[in-house]
Amino acid sequence: MSKTNIIKFIILLTSLIIVGSVQAEIEIDKIFFNNNTYFSDGDLEDIIHSEEGNEYEPRLQKLDKILLKNFYRQHGFLDAVISDSVITVSNREKINIIFYISEGQRYYYGGLRMHGNQDIASEKISEQFETMDLYEPFAEGVINESIKKVENIYYNSGKPFVDLKTNYLVEEDSLIITILEINENQTVYINNVQYFGLKLVQKFLIRRELEIKKDEKYNREAIEKSQENLYGTGLFKYVRLEIEPIKDTPDQVILKILVQENDPIWIGVRLGLAHEQQAYYGSKLEFTVQGGHRNLFGTARSISLQITPSFTYDFDSTKFHNLDNKISFSFVEPWIGNTRTPGTFNLTYAQYRPPNSADFDLLSTSFGIKHSVGKYSDINAAISAKLVDLLSNEKIDSLLVRGQGFDVDKNQVYSINFYYKRDKRKNLFNPSNSSYTDVSLAFSFSTGRDKENNIIENRYITLISSWQRYQPVRPKVLSFKRWHFTLASRVKMGGIFELGKKQGIPINDRFFAGGASSVRGYQEQLLGPALSYDENEKIEKAAGGKLLYLGNIELRVPVWWIVMLETFFDTGYVWSEISDFRPMDIKLSTGLGIALMTPLGPVRFDYGYKLIKTKYDPTPDAFHLGIYFAF
């Protein structure tokens, strides 16, 4: 290339960059809609992506035309025509976008007519179109969804080669009759099942995960569920199920299962930061080394070993402390009772060496099973035993052992637990338009010695239930574009019922409230009966109780990029005894928070303010740092 051509190329490239940068600086001043009668400007603004005050993007303008046309078609305006133009203003630094709308005639749904169905009853097909009422504005998208439902019925009834054709007939000028032409074709059966890619995994493991068997009718839903089951075993990195017709036998196919196995032996390292509830324990750094085998002897049984030391820095002594060391062994049996019910056996040994409490060791073991009931529900059951060995004559800090399964006066706790949940959340990090419900029931037996070395025993039942709802809110405020909020609410209650003489409940099984995930504005666990007070008669440690109530409502507002604003109203309390319940004891708080929606989940910073204060409260408010939303 000559020197002259190089100079020309550089000049051309520079011009393009300058033009591109100038265009990038063009701002949308106003967006206008002309000739729209049925829908307001505000309704149409909610449909498009271009916004006043934002940078002008021609590609978005093209997309907006498509969105507007589809919007009108979904509301019966099948002949709607959308055109647009752009006008520069403010010395060509801004532009106005104008959408010209020719709405045309509005059409209405006039019913369904079908031809050609034999194996599937007309009544069943008609049921799929009941989402659209007779004489309501014709919505082609709703019709297409209904046709997909009909298609699925055939696919799940042995008809993978069904052919559906749709035509529309206009009657009385504006009534649209949907005509469905059906060519069912042959019913197909699974003649044989073939496996490809197996190395260590035995064939019977795949067979038991299949929802469709040899000689059964083709069923797409069963095939998709089979693929989901196979991925769920953790044995495969790739799974594909496909059918291959058998030559000269049109009603017979071969089901081919193609897989690629994961490496059976795995090793991992994890570094994390955990936050202890009490300020004088601060945050601790956890380092975990783990590994295991996910397919013992080709049977899908798995074992794993996890070692986790944790460390913290003590600002008073300016030293690092090795708070605890844990080693945990797990064994998983994926099928129990010839059903897809995995059972997990855990054995854990832990050494606790806290800087402000006695040293002790903990040995715990448990066995639990889990069974899915339908698409959204699970049932769990478990038995467990925990034993503590106090290594000195000092008293174990009762707040430290919170959640570890034992009490300072009871060194053995045995329990049987049952748990049910129904989880319809599609996004666990930021749920919307969904709900979550759970119920747990546990029977516990604790034994140990009191301060006088007398053996004490207790038996009690713990019942806990919660309900959470996440509702989309789309308010329209002044001339602003419609907002997209989520209104989250929760109610949680729990009670502990002692069987026989009251001997006291181990502190790990008592209820606590207050903190980042319950009632904000209160320090962690410091809402309810007090265990001790400081020299200023402010609550220092909580005793917990046998009755719990929590109620929360929170509005979550996307602000910009990954930033979300929260405003909340929390209520709750803990009572020492069930008989102590008084509605006037319930405390209220409110506040604001900011959440950052990271790939690992929301990280939030909340400020809560007590609406009902007492002289025993350490502070009138509290700041909270949390991972994930409060509920």
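The values are calculated or read from the model by the stated rules, or taken from the named source; none is laboratory data. In this text, all values refer to a predicted model and were calculated from it rather than measured experimentally. Neighbour counts run over all protein chains shown; Cβ positions are idealised from the backbone, glycine included. These area figures cover heavy atoms from the full protein model, side chains too; ligands, DNA and RNA do not enter into them. Shrake-Rupley method; radii C 1.70, N 1.55, O 1.52, S 1.80 Å.
General remarks:
- Charges were assigned to the Cβ only: +1 to each Lys and Arg, -1 to each Asp and Glu. The resulting dipole of the chain about its Cα centre is roughly 1320 debye.
- Residue by residue, the range 200-215 carries 3J(HN,Hα) couplings of 9, 5, 7, 4, 5, 5, 6, 4, 6, 8, 6, 8, 9, 10, 4, 6 Hz when phi is fed to the Karplus relation 6.51 cos²θ - 1.76 cosθ + 1.60 (θ = phi - 60°); x denotes Gly or Pro.
- Anchor K492: lysines whose Cα lies under 26 Å away (excluding residues fewer than 8 positions away in-chain): K370, K375, K421, K424, K426, K502, K541, K546, K587, K610, K613
- For the range 249-271 and the range 147-202, distance of Cα centres in Å: 27 Å
- Accessible surface for the range 191-246, divided over its residues, is 59 Å² per residue with a 1.4 Å probe.
- Modelled label positions at T318 and Y135, each set 7 Å beyond Cα in the direction of Cβ, lie 8.7 nm from each other.
- If R0 is 45 Å, the Cβ-Cβ spacing of Y168 and I26 corresponds to a FRET efficiency of close to 0.60.
- Percent RCO, i.e. relative contact order, over the chain, from Cα pairs under 8 Å lying at least 6 residues apart: 5 percent
- A straight chain from W561 to K65 at 0.36 nm per residue would run longer than the Cα-Cα distance by 176.0 nm.
- Answer label, with semi-axes √(5λ) of the Cα gyration tensor in Å calculated from the coordinates and candidates (i) 54, 38, 29; (ii) 60, 28, 23; (iii) 60, 24, 22: (i)
- Bridgeable lysines around K199 (alpha carbons under 19 Å apart, same-chain partners fewer than 8 residues away excluded): K237, K256.
- Label-point separation in nm, I243 to V491, each point 7 Å along Cα→Cβ: 4.8 nm
- Once the chain from K199 to I627 is taken as fully extended at 0.36 nm per residue, the excess over their C-alpha distance is 150.0 nm.
- Counting only whole DSSP H helices of the chain, the ones at least 20 Å long by C-alpha along their axis and with mean Kyte-Doolittle hydropathy no lower than 1.0 are 3-24.
- Take the Cα of D359, step 7 Å toward its Cβ, do the same at S83, and the gap between the two points is 8.7 nm.
- Heavy atoms of the protein chains alone define the surface here; on that basis the range 41-165 has 52 Å² accessible area per residue at 1.4 Å probe size.
- Using a Förster distance of 45 Å, the FRET efficiency for I265-Q503 (Cβ separation, nearest 0.05): 0.40
- Residue-normalised accessible area of the range 549-622, expressed per residue, 1.4 Å probe, Å²: 52 Å²
- Apolar share of the accessible surface for the chain: 56 percent from carbon plus sulfur atoms, 1.4 Å probe.
- Positive-end extreme of charge dipole, the chain - chosen from L487, G374, L611 (charges on Cβ): G374
- Accessible area, probe 1.4 Å, largest first, for residues V559, V142, V193: V559, V142, V193
- For T614 and E452, the FRET efficiency from 1/(1 + (r/R0)^6), where r spans their Cβ atoms and R0 equals 41 Å, is about 0.75.
- For the range 84-136, the relative contact order works out to 30 percent when only alpha carbon pairs closer than 8 Å and six or more residues apart are counted.
- Computed over the range 151-280, relative contact order equals 24 percent, with contacts defined as Cα pairs under 8 Å that lie 6+ residues apart.
- Using 0.36 nm per residue and subtracting the Cα-Cα separation, the extra length available between R459 and F443 on full extension is 5.0 nm.
- Long-range HN-HN contacts of R340 with modeled amide H, under 5 Å: none
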